[in-house]
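Data first, discussion second: the structure below is written as structure tokens.
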Amino acid sequence: MKIRYGGWLKNLIGGDAEDVVLPAGVTTVGALLDWLSSRGERYEKAFEHSSIFIVSVNWRYARQQDPVTNQDEVLLMPPIAGG
């Protein structure tokens, strides 16, 4: 799976994209976010408020219960604020 990170996630994760192999049982967007947050301290901090992220799977908006596979491209975008 290709995961792309947008906004301030790039800084917390340390890059704008990575390739991962999903562990068994990670079959939904929600499970993906939970698994990512368990990958170490920087991921835990980055995904602390993942419920507010905009997620797309293969360029389509996705919800927590939507399926994911190793062949997908996922974009994770935190909300953007500014003025």
Next item on the list: Can you work out which of the residues in the stretch 40-65 that are touching a Leu at 6+ places or on another chain (Cβ under 9 Å) and of a type in the set (Val, Ile, Thr) is farthest from VAL20 (Cα to Cα)?
Entry: ILE54
Item checked: Hits in the stretch 55-78 (condition: under 21 Å from GLY15 (Cα atoms) and free of Cβ contacts under 8 Å to residues at least 40 places away in the same chain) -> VAL55, SER56, VAL57, ASN58, TRP59
Notebook entry, point to check: Can you find even one residue in the stretch 30-50 that is of a type in the set (A, V, I, L, M), in contact with a strand residue (DSSP E or B) (Cβ under 9 Å, 6 or more places away or on another chain) and over 21 Å from GLY15 (Cβ atoms)?
Noted result: no
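Here, each number is a calculation from the coordinates, and none is a lab measurement. These numbers come from a predicted model, not from an experiment. With ideal geometry, Cβ positions are generated from the backbone for all residues, glycine too; neighbour counts draw on all protein chains shown.
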